[in-house]
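Notes follow the structure.
The values are calculated or read from the model by the stated rules, or taken from the named source; none is laboratory data. All of these numbers come straight from a predicted model, not from anything done at the bench. So basically every Cβ, Gly included, is an ideal-geometry build from the backbone, and we count neighbours across all protein chains shown.
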Amino acid sequence: MKRPQYVFRPNLNEPQHRRAWALLQQVPPAKRKEFLVQSILAAEQTDRLEKSIRKVVARRIADGQHSHCCSQSAAGRCNSRFRAQFLIYTLEGVVPIH
């Protein structure tokens, strides 16, 4: 059975493609396959985690759990701060470069 193959041809006119290409070039050639596998799995895990967190936050807001301790505008600021911290955490720690 032949192993499946995938060819990555970034469009260097796209900023995200350029950034992805630059990051991939920093990885030693012998470790690129593992880097891509880990990156794909980390992205999937981040998506699942973010969906779970959104559900919990939405449930807390729907249940009025913020209303007993702060106003609606304060609750919105709290949720915005939480989302920002979550994104910073995921961007800093999910995809290690070896």
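Limited to segment 43-63, what total is found for residues that are loosely packed, with under 11 Cβ neighbours inside 10 Å and modelled with pLDDT of 90 or more?
Result for segment 43-63: 1.
Within segment 7-42, count every residue that is surrounded by 13 or more Cβ atoms within 10 Å (Cβ to Cβ) and aliphatic (A, V, I, L, M).
6
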